[in-house]
Amino acid sequence: METLDYDLVILGTGIAGMCAAIHASEASKNSIRIALVSKLHAMRSHSVAAEGGISGVLYPEGGDTQDMHAYDTIKGSDFLADQDAVELLAKSAPREIRFFEHIGVPWNRDEKQKITQRPFGGMSIPRTAFAADKTGFFMMRALYDEVSGIGNVSILHENFATSLIINENRFLGLHAIDLATGESRLIRANACIIATGGASRVFKFTTNSYSCTGDGTALALRAGLSLKDMEFVQFHPTALVPTGVLITEAARGEGGYLLNSKGERFMKAYAPSKMELAPRDIVSRSIITEINEGRGIADQESGLQHVLLDLRHLDHRAIEEKLPMVREITMKMINLDPFNEPIPVRPAAHFTMGGINTNINGQVMRDMNSAVSGLWAAGECSCVSVHGANRLGSNSLSQCAVWGRMTGISAAEYLSRNGTKQDVDSKVAELYAAKEEDRIARLIGGNGQNDPYRILADLRDTMDMNLYVYRNEKGMSAAKKDIERMASDFKSIAIKDKGKRFNTNIRDVLEIENLICLAQAITECAIRRKESRGAHSRTDYASRNDNEWLSHTVIRMENGNPEIAYQPVRITKWKPEERKY
Amino acid sequence: MKESQIAILTYGSMIGAPVLLALLALLNLSGLGTLYGIYTGLRILLAVDLLLFGAIGIREIYLGKRVNPIKLGIKTAEEQPIRNGEADTLRFRVYRFKEESKRLEESVYDVAVGKYTSVLGALVKIKAEKDPTISMRYSCNMGICGSCGMTVNGKPSLACETNALKSARNGIITIGPMLGHPLLKDLVTDFDDFFGKHESISPHLEREDRKEKYEAPKEYAQTREQIGRFLPYSYCIMCGLCMDACPVVNTNPAFLGPQALSQAYRYYMDSRDQMGERRLQMVNTKDGVWDCEYAGTCSEVCPKGVDPATAIQSMKFEMLVPKFVMKKEGAEMEK
């Protein structure tokens, strides 16, 4: 097996991962060897699909303050966010937006050359900077281009990590498959940052890329580390029917209406002050309530019930300048021009608020008390937690940039403190990797009978059916049973492609394994939380219960069984209050 | 100057330009050797020819010729009648690269599609339901990640943005890998060379003060007009379609190609960049801008509306008549 040695390995090349690489390199004065590992080509990570923008207080002279940003975020989180982390986000975000300006992002600007900011859901003032509605794409291209100019950062495209090697609470390396050759690789490093993004592909109707299978999160869970708040999955209110492609919240930020089958702006019944710009959990519930009460519209092609997003009254030039991609998508995908017709939309799985349990610095926690040496997590795969039970639109990009930078710098400092030399543990890493190589070889060589793609389809069906916008005990228990059956079916999985080179059959199977294990965690945490908070909304426990549930769910696997504990929310300035818009 | 005016100037003077270019090149004003000047002159005469005979028409013919089974010695599957009964069943003839035989081999799949099924959607369905061994790249499903470049009926296309029913001819869709790139497996091609070319043009904003670039609490000044000059070229998703469509890339592997060159132009036009003329010198070579023959196929196939052809011609002008295309203004830190 090939062994590659680095000082720092960054798993995942989205905005968080690439920010981490740049700032780790900068903090070490370009002296450490950094590997950026992606299962795709590095510039194709799902961050490219971020559309609406990035939040941050750029111009306090306009009346905005970091405290307002923090409060909006905490209220949006249904008071589950850790308030010290949120304050850190609000404080650091403006610098990150300017950093991206300096590396080439063409932010929309006004006549005075100031970066334009637009209204977004749950934000009390226009605070979201944007580059048309391709913000994530422009940020990714700027990052990739910047990274390509840094000599000590190597990009390992299309390397699929299958396990983290952690010994005695210390990170040693990871095992990966080089997809181009199909060969195993041991990538050794003294420090690692996981930045592998979300896991919304456990759902069928989702805005996420095919690649959003939460690999890093699943790897952490299997390595015995803890995850936090996995029950909180964000459903984005406006995904295009029937494909699930995201129609950005900016469409409502720029003045779009949501209409039911009677042509009414139904949000006035649910959030009269914010209307269409209420936080996403509230808008999604409102849409599903409208549909459940018979005011939805059925899509002829897919049978899916939906409502309408109406942009017809908006200025065409404004759409072309600020929302070109909305029009591009609807024209190309469903042959619909939003200038003339309203867009069919319904809520789709969009963001994983939960993730790898980290402390405020992004360091990965083994359990509630002990951190893993040399291991950090940043971006959507991590749970810091700044989003609590519901993320506000445009806070995700700031989170990725802020914690990307922070973990990168922490890792560089850790390496300068602890030295970069490989030591006796390298033998341990080799043993681990050899075992993993063997496991995968047996998986490919085996003659299992169960069709992985059938299992995946069933998994996503049961998640959509039972853990969607509204949940209850009965549905979630049914899902739990289904997933247990799938986990057992997975033990005899059929892999038809026995080749080495670019074997996407085995990659799919390993992704499905990750999805099953994350679906289990989501379901387990969701069943136990007997209240409704943010995106976790139960019909059998319809209200928020701060007396019993103002706490984070922490899950880890102990001998194959989930072990769940609860950790209090850190509150600094803002006492929980009724959440009304 | 507005973007549209630049375009009119550039395209409009394409006919007069070659003469000027040939003269200047022969007079050795472009800083290259005399022999190379003659060579360039001849290439330019060729380009004039192309223009006279209609670059657009040639482009069409060229595109239509791609993935020609006879020329490439492709092993074709036995023809069978398309399954009856389902109006929306399409036949996918997929040319897959096999490592063992180093040949393209055809696999045929009949797939039921809906009104909005994309070519990618159909391929994913084939992989899940019919043949798990088929390999292709894909990720975002919304035309922004750049993974799923392939040829659909011979034309380099993004599979996720290509509607299956609309692409079918007599119920048949022909899919193949992008042959302008080295082949790995099935529809998967090797991008190492592509990324190498992109990196070779220093695709990042060059600033003298690195600390300021990473830390400064203010933005660089830039007007909307200045943004407009590079914005159209910054939509590149690095999907590789333009490289696949370019006749020069297909004949001279050393040619930097439309992707890298359009990005050189993108950074050159960005007023925040401080590399200035050095950026142009980097691509002022035979395998840089001067190997481009104005076929224009790059701009034709770009799924994001980037126009590498205009970018490259504009750089040629800029090299010969400095400050012709743009007035370079330094971007200062906002006070």
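The values are calculated or read from the model by the stated rules, or taken from the named source; none is laboratory data. None of these values were measured; they are calculated from a predicted model. Cβ coordinates were reconstructed from backbone atoms using ideal geometry, including for glycine residues, and neighbour counts include every protein chain displayed. Side chains included, ligands, DNA and RNA excluded: accessible areas come from the protein's heavy atoms. Shrake-Rupley method; radii C 1.70, N 1.55, O 1.52, S 1.80 Å.
Worth a mention:
- Residues satisfying the stated conditions in the stretch B:182-240, i.e. assigned to a loop (DSSP other than H, G, I, E, B), within 17 Å of A:Arg141 (Cα to Cα) and of a type in the set (A, V, I, L, M, F, W, C): B:Phe191, B:Ile201, B:Leu205, B:Cys236, B:Ile237, B:Met238, B:Cys239
- Hits in the stretch A:133-155 - residues which are under 30 Å from A:Ile512 (Cβ atoms) and open to solvent by 20 Å² or more (accessible area, probe 1.4 Å): A:Ser154, A:Ile155
- When restricted to residues that are in a strand (DSSP E or B) and among the polar types (S, T, N, Q), the stretch A:151-188 contains 6.
- Members of the stretch B:125-141 that are at the interface with chain A (Cβ under 7 Å from one of its Cβ atoms) and touching a strand residue (DSSP E or B) at 6+ places or on another chain (Cβ under 7 Å): B:Ser135
- Residue match in the stretch B:237-255 (condition: farther than 21 Å from B:Lys155 by Cα and either open to solvent by 10 Å² or more (accessible area, probe 1.4 Å) or assigned by TED's automatic domain parsing to the domain that holds B:Gly143 (or both)): yes
- Any chance B:Asn170 is over 17 Å from the mean Cα position of the chain (by Cα) and within 11 Å of another protein chain (Cβ to nearest Cβ): no
- Failed item in (1) within 12 Å of chain B (Cβ to nearest Cβ); (2) under 30 Å from A:Thr539 (Cα atoms); (3) in a loop (DSSP other than H, G, I, E, B), with A:Tyr468 passing the rest: (1)
- Some residue of the stretch A:19-30 being open to solvent by 10 Å² or more (accessible area, probe 1.4 Å) and away from chain B (no Cβ under 14 Å): no
- In the stretch A:102-117, the residues that are under 10 Å from A:Ala131 (Cβ atoms) and within 8 Å of chain B (Cβ to nearest Cβ) never reach a residue that is acidic (Asp, Glu) and open to solvent by 40 Å² or more (accessible area, probe 1.4 Å) with C-beta atoms less than 6 angstrom apart, at least six apart or across chains.
Residue-by-condition table, conditions (1) within 27 Å of A:Ser47 (Cβ to Cβ); (2) modelled with pLDDT of 95 or more; (3) open to solvent by less than 20 Å² (accessible area, probe 1.4 Å):
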{"site": "A:Gly256", "(1), (2), (3)": "yes, yes, yes"}
{"site": "A:Asn260", "(1), (2), (3)": "no, yes, yes"}
{"site": "A:Glu264", "(1), (2), (3)": "no, yes, no"}
{"site": "A:Met267", "(1), (2), (3)": "no, yes, yes"}
{"site": "A:Tyr270", "(1), (2), (3)": "no, yes, no"}
{"site": "A:Glu276", "(1), (2), (3)": "yes, yes, yes"}
{"site": "A:Val283", "(1), (2), (3)": "yes, yes, yes"}
{"site": "A:Glu290", "(1), (2), (3)": "no, yes, yes"}
{"site": "A:Arg295", "(1), (2), (3)": "no, yes, no"}
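- Residues of the stretch B:172-195 satisfying the condition of being touching a strand residue (DSSP E or B) at 6+ places or on another chain (Cβ under 6 Å) and surrounded by fewer than 18 Cβ atoms within 10 Å (Cβ to Cβ): B:Ile172, B:Asp190
Conditions (1) within 14 Å of chain B (Cβ to nearest Cβ); (2) open to solvent by 40 Å² or more (accessible area, probe 1.4 Å); (3) under 24 Å from A:Ile193 (Cα atoms); (4) of a type in the set (A, V, I, L, M, F, W, C), marked per residue:
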position: A:Arg33; (1), (2), (3), (4): no, yes, yes, no
position: A:Ser47; (1), (2), (3), (4): yes, no, yes, no
position: A:Gly62; (1), (2), (3), (4): no, yes, no, no
position: A:Thr73; (1), (2), (3), (4): no, no, no, no
position: A:Ala81; (1), (2), (3), (4): no, no, yes, yes
position: A:Ala85; (1), (2), (3), (4): no, no, yes, yes
position: A:Leu88; (1), (2), (3), (4): no, yes, yes, yes
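- Count of the stretch B:196-229 residues which are at the interface with chain A (Cβ under 8 Å from one of its Cβ atoms) and open to solvent by less than 40 Å² (accessible area, probe 1.4 Å): 14
- Taken over the stretch A:323-349, the residue count meeting the criterion of being away from chain B (no Cβ under 13 Å) and either open to solvent by less than 50 Å² (accessible area, probe 1.4 Å) or among the charged types (D, E, K, R) (or both) is 11.
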